[in-house]
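Participant: Let me give you the structure first, and then I'll get to my questions.
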Amino acid sequence: MSIQRNPSRSVRIGSISVGAEHPIAIQSMTATHTQDIDATVAQVNALHAAGADVVRIAVDSGKDAEALAEIRKQTEANLSVDLQESYRLAEKVAPHVDKVRYNPGHLYHHEKTRPWQDKVRYLAEVARDNNCAIRIGVNCGSVDPEKKAQFAPEDEIGPILQSGIEHCEHLESLGFERFVVSMKDSDPATVVKINQAFAEKRPDVPLHLGVTEAGLPPDGIIKTRIAFEQLIGRGIGDTIRVSLTVPNPRKPEEIQAGREIIDDIYSGRLRSVVALDPTALNIISCPSCSRVENEAFVELAQDVKAMTTYAKEHAITIAVMGCRVNGPGETDEADLGLWCGPNRVNLKKGEESLGSYPYDEILEKLKEELDKLITAQTA
Ligand code: SF4
């Protein structure tokens, strides 16, 4: 599946680059106490071995920063730190990492009278002196109160978007372009809305995608997958993190989940409907899970792909979903949708139900409907 990526610029983070034509990088974050050096090194290295392109570590104190210096010596992973409220720790941590993340909504906590522009200037200087990239990490749960006050209380997106854009422009005005932006929320729908809005205004800025507090697998993975399908499927997103609530030894599952989501999107295995190529035929089929009631679903998905090749130049989306739990709703957005029950397959045209058919009759019915759509498109 060829997805037209946004023309974002290339940003180097240690040994990798994100943005432009680079593969979508996968990140994770340690959950150990940073000062427990052995445990943190073990987790960083486990994530690195699982394929993490960047590993983030939280640093909240001078002692954490000292531990970081030791951790750096014991790993080859690309490291990033989260400054949280202590932006002034930047000069202590930057010598040991490849990227520094700050949250525009946390800058006001210290030195309240110092303008945020000065604080960002300091961060840019520290990053530049230490060969680091920056992530402007906007979080819907911690928006700068001053920014929030400029928008109507019900406007969820406005303050976050404006905050992200202003920080990009400020860094650029300082001659610093080695940055990425993230706009995260715990609601996948908000993550989609806000990242789409940002990408429309600043397609040149690489985006780091994530759904915060996604939760336990498998639900946490599903939530994240739904947001990522809508964004990555439309060319938005240069690096990702899947945040899962798992015990420390299972942390590398975040990397595995991220890799699977990206591979599935590029192979057209989607749980939600998105036209991966808006100019041609899109056949998408869900990646399947324990809810599949008839294993013939997998074969059917392959048969649909093979049978419809004759229509490959028509901008039509066909979704094939494996179960009656999510299938009926998830196919609403497709031009033609199939969802599989235990013995029959249900056929839909948009939201309209066209009936249910045995597995060995559905292909013929689908072809009839596809031909009708093609005739209507070419009429
Ligand atoms: S549509 Fe159903 S079978 Fe397919 S992945 Fe979603 S829940 Fe699982």
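The values are calculated or read from the model by the stated rules, or taken from the named source; none is laboratory data. The model shown is predicted, which means the values in this text are computed figures rather than measured ones. Every residue, glycine as well, gets a Cβ built from its backbone with ideal geometry; the counts of neighbours run over all protein chains shown.
Participant: If a residue has to be of a type in the set (G, A, S), at pLDDT 95 or above and surrounded by fewer than 18 Cβ atoms within 10 Å (Cβ to Cβ) to count, how many in segment 150-196 make the cut?
Facilitator: Going through segment 150-196 one residue at a time, the tally reaches 2.
Participant: Continuing with the same structure: Working carefully through the options I283, I265, find the one that is within 20 Å of Y359 (Cα to Cα), among the aliphatic types (A, V, I, L, M), more than 9 Å from the ligand (Cβ to nearest atom) and under 24 Å from the mean Cα position of the chain (by Cα).
Facilitator: Selected residue: I283, the only one of I283, I265 that is within 20 Å of Y359 (Cα to Cα), among the aliphatic types (A, V, I, L, M), more than 9 Å from the ligand (Cβ to nearest atom) and under 24 Å from the mean Cα position of the chain (by Cα).
Participant: Something else: I'd like the residue in segment 286-303 that is acidic (D, E) and in a helix (DSSP H, G or I) and, out of all such residues, is farthest from the ligand (Cβ to nearest atom).
Facilitator: D303
Participant: So in segment 268-280, with the set limited to residues that are more than 10 Å from the ligand (Cβ to nearest atom) and without any contact (Cβ under 8 Å) to a residue 60 or more places away in the chain, which one is surrounded by the most Cβ atoms within 10 Å (Cβ to Cβ)?
Facilitator: Checking each candidate, the answer is V274.
Participant: Do the conditions hold for I240, that is, is it touching a residue at least 12 places away in the same chain (Cβ under 8 Å), assigned to a strand (DSSP E or B), within 25 Å of E333 (Cβ to Cβ) and among the aliphatic types (A, V, I, L, M)?
Facilitator: Against the criterion (touching a residue at least 12 places away in the same chain (Cβ under 8 Å), assigned to a strand (DSSP E or B), within 25 Å of E333 (Cβ to Cβ) and among the aliphatic types (A, V, I, L, M)), I240 qualifies.
Participant: If I ask for residues that are of a type outside the set (K, R) and within 13 Å of the ligand (Cβ to nearest atom), which ones from segment 304-331 would you list?
Facilitator: Matches in segment 304-331: A319, V320, M321, G322, C323, V325, N326, G327, P328, G329, E330, T331.
Participant: Give just the number: which of (1) within 15 Å of the ligand (Cβ to nearest atom); (2) assigned by TED's automatic domain parsing to the domain that holds A31; (3) small (G, A, S) does G258 not satisfy?
Facilitator: G258 satisfies every listed condition except (1).
Participant: Are any residues in segment 324-355 among the small types (G, A, S) and in a loop (DSSP other than H, G, I, E, B), and if so, which ones?
Facilitator: Listed by number, the residues that qualify are A334, G341, G350.
Participant: Among the residues of segment 213-233, count how many are buried (at least 16 other Cβ atoms within 10 Å of the Cβ) and either in contact (Cβ under 8 Å) with a residue 60 or more places away in the chain or touching a strand residue (DSSP E or B) at 6+ places or on another chain (Cβ under 8 Å) (or both).
Facilitator: Matching residues across segment 213-233 total 10.
Participant: Shifting gears a bit: Looking only at segment 1-28, which residues are among the β-branched types (V, I, T) and either buried (at least 18 other Cβ atoms within 10 Å of the Cβ) or not in a strand (DSSP E or B) (or both)?
Facilitator: If the condition is that a residue be among the β-branched types (V, I, T) and either buried (at least 18 other Cβ atoms within 10 Å of the Cβ) or not in a strand (DSSP E or B) (or both), then I3, V11, I13, V18, I24, I26 are the ones that fit.
Participant: Follow-up question, since we're still on this one. Is segment 92-107 home to any residue that is of a type in the set (G, A, S), farther than 28 Å from A214 by Cβ, touching a Phe, Trp or Tyr at 6+ places or on another chain (Cβ under 8 Å) and touching a residue at least 24 places away in the same chain (Cβ under 8 Å)?
Facilitator: Within segment 92-107, none of the residues are of a type in the set (G, A, S), farther than 28 Å from A214 by Cβ, touching a Phe, Trp or Tyr at 6+ places or on another chain (Cβ under 8 Å) and touching a residue at least 24 places away in the same chain (Cβ under 8 Å).
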